[in-house]
1. What FRET efficiency do you get for B:V504 and B:V396 if R0 is 25 Å and r is their Cβ-Cβ distance, rounded to the nearest 0.05?
2. Could you tell me which residue out of A:T337, A:S285, A:T253 lies farthest along the dipole of chain A toward its positive end? Charges go on the beta carbon: Lys and Arg +1, Asp and Glu -1, centred on the Cα centre.
3. Taking the Cα centre of the protein assembly as shown as origin and charging only Cβ (+1 Lys, Arg; -1 Asp, Glu), how large is the dipole, in debye to the nearest 20?
4. Given springs between every Cα pair under 10 Å in a Gaussian network model of chain A, which of A:T276, A:T199, A:T237 has the largest fluctuation?
5. Evaluate the charge dipole of the range A:270-357 about its Cα centre and quote only its size in Debye, nearest 20, assuming +1 on the Cβ of each Lys and Arg and -1 on the Cβ of each Asp and Glu.
6. For chain A, set up a Gaussian network in which alpha carbons nearer than 10 Å are linked by springs, and say which option among A:G74, A:G227, A:G185 fluctuates the most.
7. Taking 45 Å as R0, compute the FRET efficiency from the Cβ-Cβ separation of B:S205 and B:Y528 and round it to 0.05.
8. Excluding residues on the same chain fewer than 8 positions from B:K343, give the lysines whose Cα lies under 24 Å from its Cα.
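Please treat every number below as a calculation from the coordinates, not as lab data. No experiment lies behind these values; they were computed from the predicted model shown. Glycine gets a Cβ as well: all are built from the backbone with ideal geometry, and neighbour counts include every protein chain shown.
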Amino acid sequence: MKLNKLILSAFAGALFLTSCSSDDDAITEPAPTGDYVNGMFIVNEANYGAGNSTISFYSEEGVLSNGIFASVNGFDLGDTAQSMGFNDDLAYIVVNYSNKIEVVNRYTFESVATVDTGLDNPRYIAFENGKAYVTNWADPTDTEDDYVAVIDLSSNTVIASIAVAEGPENILEENDMIYVAHKGGYGYGTTISVIDPSTDAISTTIPVGDVPNAMEAENGKLYVICGGAPSWSSAETSGELYVVNLADNTVETSYAFSGMVHPSNASIENGTLYYTVDAAIYGMSLTATTLPETPIFSVTEQGAYGIYGFKAENNKIYVGDAVDYNSAGNVYIYSLTGDLQQTLSVGISPNGFYFNN
Amino acid sequence: MIMALRKLGYIFLLLLCQYVCAQTDSITQLKEVVISDTQLKDFSKSQQVWQLNDSIINRSPSSLGALLNYNTVIYFKENGLGMVSSPSFRGTNAQQTAVIWNGININSQLNGQTDFNIINTRDFDEVSVRAGGGSVIYGSSAIGGSIHLNNELRFKDTFDNTLFLSYGSYNTQGLNYKLNVANKKFSSSFAVSRNSSDNDYEYPSGIINENGQYYNTSLNASFGYKLNEKNILRLYSYFYDGDRHFSRTVSAPSLSKYKDYNTRNLLEWMGIYGKFTSKLKAAYLTENYKYYARYTNDNYTFGEVKTYIGRYDLAYQVTDNIKLNTLLNYTVNKGKGSDIDNKNREIASGSLLLQHSVTPKLQYEAGVRKEITNAYESPLLFSLGGSYQVASFYTVKLNASRNFRIPTYNDLYWQGSGNPNLNPETSYQGELGNEFRVKNIKLTVTGYYIRMHDMLRWVPGSDNIWRPENVDKAKTYGIESVLNWDKKLGNHHFTIDATYAYTVSQRDGSTNQLIYVPFHKATAAVGYSYKGLGFYYRHLYNGKVYYTSDNVSQVDAYNVSTIGAEYQFKFLGGLTVGAQVRNLWAEEYENVRARPLPGRNYTMYLNFKF
């Protein structure tokens, strides 16, 4: 993205130069500066209770820096960093067990603010209309107290909370609407809530399969990976892929995984939806009408314990391996066909990848 | 005579000793009839047994974990003051140390370990530590060693009351009342403890240790009745009811709470028939926990196990120098919980023990044990050891054994991740103990090696679900030494008691130290008394521990000290008043990552016998 901006700027500058041959400084948007301008952040969740979450940065030039939050800011990030989101020049790190969001400049990683009231077991974040929307499980044993916190981005304070069904997990903004997947907590979720940011109320609820644990939007459609009810539940179910038409928020189609399969993760790159089943990575063309029979590849060749973080981006597949969950985790970077290109030793339990460009 | 001896001994200990070691054989014969766990004396001669006496118990915090942490080689991992405390004895884990209450193994059936902060030491007459393997006698978990909590019952005219009260910083209150009533036919002992604390100390960063408050009540009652000269009935009962909030960390608040409710009952019929001593025992134990993710509502998860034990213990004195002992045991566990499948488990076991004093200086002992159960494959266990007094000042002890730790309810039956096909963890281990006694000095230096097989570890599967598997092999070895010195010059009494442990503990395929096992740990206690006045200083050095398995992150080493003074008024049976400054040097330290322990704090206590 950054590269595109540069090219555009250069192109615009060139146009100006030919027309009035003045210097281009006046009209080029100043490029962001900082140590973390182009590359990928890795959220390392680390150990629940130990307060040792960290952020790693892997630059486009191939330089890895671990523990950047503490090294820039002089204090530890907190306990069990769950996820991260970008809005304008800022990055928001959701720190689950610390019940807070650390707000930093996304280019320098310098601390800007901490949101530490109004959050209770926060999970994921999305942005729209000058506000952030954060899913909160609250008390995991209480199925009635889950909510989406609304943060005013100008003041970094929680200004409202929207009561939702149990277990709100992934959240994303698409077409100016906020979509919340209810993975479930104590029980098992089966819905997507749609929040209208103009009213901060739920505008509709979309029924999907059991345990929608991942979703991604593309070309007016929402792809929802439903993991199915787990083996220890009273009635185990196999996973499903739901496709929702965002024009009217109705289910367009769904695909059932045959047998008893529990898929997770969802990431779209180059017209293909990538998802995982245990250690195997599958790709399904968005134009396909059946689920793929065989995986593209499996991470077991790397001796990976499993897939803890997952993302398809920049024609690559990124896998976070938590190893034993109590030592430096690994990140494996593959081509879209599964050729291992790079291995990184990052923080403990890498759970997500966020691209800063 | 016994009483007089005991009283004399008691005063002697009160004034002098921080720490005494196992009784000599002549006293053992007397003691044999007063506690149920006779194997601790009769079949532990090739290993180290350390008994913690009353004076050290009275000068320590009420929890078993704190007592042992400051006075033995055992390392404790404590999740904040008063929170869950788990031992690492000789580099093993918490499930490889057994806690034995009046001869009965009371480690949790659910998680296989004992939380050392939910045992109140003052409920017992005798707290002993037996280092090294003991599964042949005590069953599961006696790998690193075992902790023995015994109640004594003596048939002598007695009417003794003891009241202990303490008050300290953070509104920490302790109460213990003991009553012993006995005559020649009947003996009873009754103890009740109540402990509570706001536990709201300040972290070095200024954060308050929120949600750390706790209270607990425990009750221990023992009754003995002599049917005749040959038959004695004994009943032991123990109740523990605790309510602990789990405190916050430096980086995360907490609203969670944990309730423990445990009961233990043991009925024993002992008969002495010539050279045979027969003990028929029936025990009923219950354990129950409730975990509240938020104390602010009534939602909780729970686990509960009821355990029924039948045991027959037959000892045969073959000759004056040879003892044989068979132990037949049948245990039924009935477990249920919000996260475990309801399961019953039955375990039958038989042990045969032999002890032979070849000469007054040379003895050996041997034992075997086999279990039969439907829950797992059980290995044949053994123990073989001996001791030899090489010179008047030097005794050498050797012991080798195979021990085990059985899979727990959580391991086997946790919903969605329990693994019903587990085997017990097993160990082969050996130790060489050296005891030196010169005048007032006793020094023991013991080297040990433990080889662990089939170690259970919860490993995440490719589906990111954690399941226990018998995956690991590990070795742990080290040296532990204990030094005791006392000197009496007129009315001046000096004591020094010190321990040091060097421990290496590694999983196969790695040279990294296992997490939360320090390489070095040392304790030292110095006491001085003059007539009724006593001063004492004790110090703990806890070496660094790693908290990540790659040994990249560590909790730093720390030094923490307590200084105290007490005075005994000669009033009725004796009224002792004392005060302590804990963490004298105001060390800022953590025992577990992100959980600072208190700075300098104060305690006063009163111990009244009447």
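1. 0.60
2. Farthest towards the positive pole: A:T337.
3. Working: 73 positive and 96 negative charges, 1575 e Å.
Dipole size: approximately 7560 debye.
4. Result for chain A, Cα springs under 10 Å: A:T199 fluctuates most.
5. Numbers: 2 positive and 7 negative charges, 47 e Å.
That gives the range A:270-357 a dipole magnitude of about 220 debye.
6. A:G74
7. Working: r = 38 Å, r/R0 = 0.84.
The formula returns an efficiency of 0.75 here.
8. B:K259, B:K290, B:K306, B:K334, B:K370
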